[in-house]
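Nothing in this text is a laboratory measurement; each read-out follows from the coordinates by a stated rule. Keep in mind that this is a model prediction, so the values were computed, not measured. Cβ atoms come from the backbone with ideal geometry, glycine included; neighbour counts cover every protein chain shown.
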Amino acid sequence: MIIGINELKSVRASEEKIILGTGTFDLFHYDHLRYLQMAKECGGTLVVAIKDNKFAGRKGKARPIISEQQRIAIVDALKCVDYTFLVGVKDNLETMLEYDNDKQREWLSAFEKVFDRLRPDILFFEGNPVLQSARERASKYFGFKCVSKPRGKTISTTEIIRRISESIK
């Protein structure tokens, strides 16, 4: 079910155990599917925060390729996903928590409000060492457990784009 960020408190009130997954999900592929299935296997209600077009656009000038409306519809249609919503990065990038680099500052500015409203039991994420200390700080502050999926090695959106670019040269 697609919801708005303002509905996260009511999801928290109605669900016993909540797993929060996050991502861009541009050019949806098999590793995206496995990530979401593994999150659901943690046992509970899977809520997925999908980066809006502005947030996803920070990956590069031609990104995202697929619009936020289409990306959220694709993820929401999966049987392992219970709720989806769009999350955006704030222009001012203010955070309550300490950060070590600009990527952490950006991530915290986007997700602190989500953590406060949803109060997930588990944050399920794909390993990215750049964000690790920020995740740990957020975990302690908001009281959730961090569960990491190893970074996909078989395919990525960036790799798909690279392969397509090379094939048309």
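Results, tabulated for the structure shown:
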item: Local electrostatic count at I161 - Lys and Arg +1, Asp and Glu -1, tallied over other residues with Cβ under 14 Å; result: +3
item: In degrees, nearest ten, helix 157-167 long axis to first principal axis of the chain (Cα); result: 10
item: Reported label for calculated mean projected area of the Cα convex hull in nm² given (i) 9.8; (ii) 33.5; (iii) 11.5; result: (i)
item: Student exercise, the chain dipole from Lys, Arg, Asp, Glu Cβ charges, in Debye to nearest 20; result: 380
item: Other-chain or far-sequence residues with amide H under 5 Å of K51's (modelled H); result: G23, T24, V87
item: Size of electric dipole in the range 78-128: Cβ of Lys, Arg +1 and of Asp, Glu -1, about Cα centre, debye, nearest 20; result: 240
item: Rough spin-label spacing in nm, given labels placed 7 Å along Cα→Cβ, for D116 and Q37; result: 3.7
item: In sequence order, calculated HN-Hα J values of the range 19-35 (Karplus, 6.51, -1.76, 1.60; Hz; x Gly/Pro); result: 10, 9, x, 9, x, 8, 6, 7, 6, 3, 9, 4, 5, 4, 4, 4, 4
item: Between 0 and 90°, nearest 10: helix 132-142 axis offset from the chain longest Cα axis; result: 30
item: Prolate/oblate/rounded call for the range 75-145, Cα gyration tensor, a/c under 1.5 rounded; result: prolate
item: Under 18 Å from K169, Cα to Cα: aspartates and glutamates that are on another chain or at least 8 residues apart; result: E159
item: Signed unit charges on C-beta, dipole axis of the range 5-167, positive-most listed residue A73, Q37, F111; result: Q37
item: Rounded Å value of the spacing that divides the Cα centres of the range 112-155 and the range 6-75; result: 13
item: Nearby lysines by direct alpha-carbon distance to K79 (threshold 22 angstrom, same-chain neighbours under 8 apart not counted); result: K17, K40, K51, K149
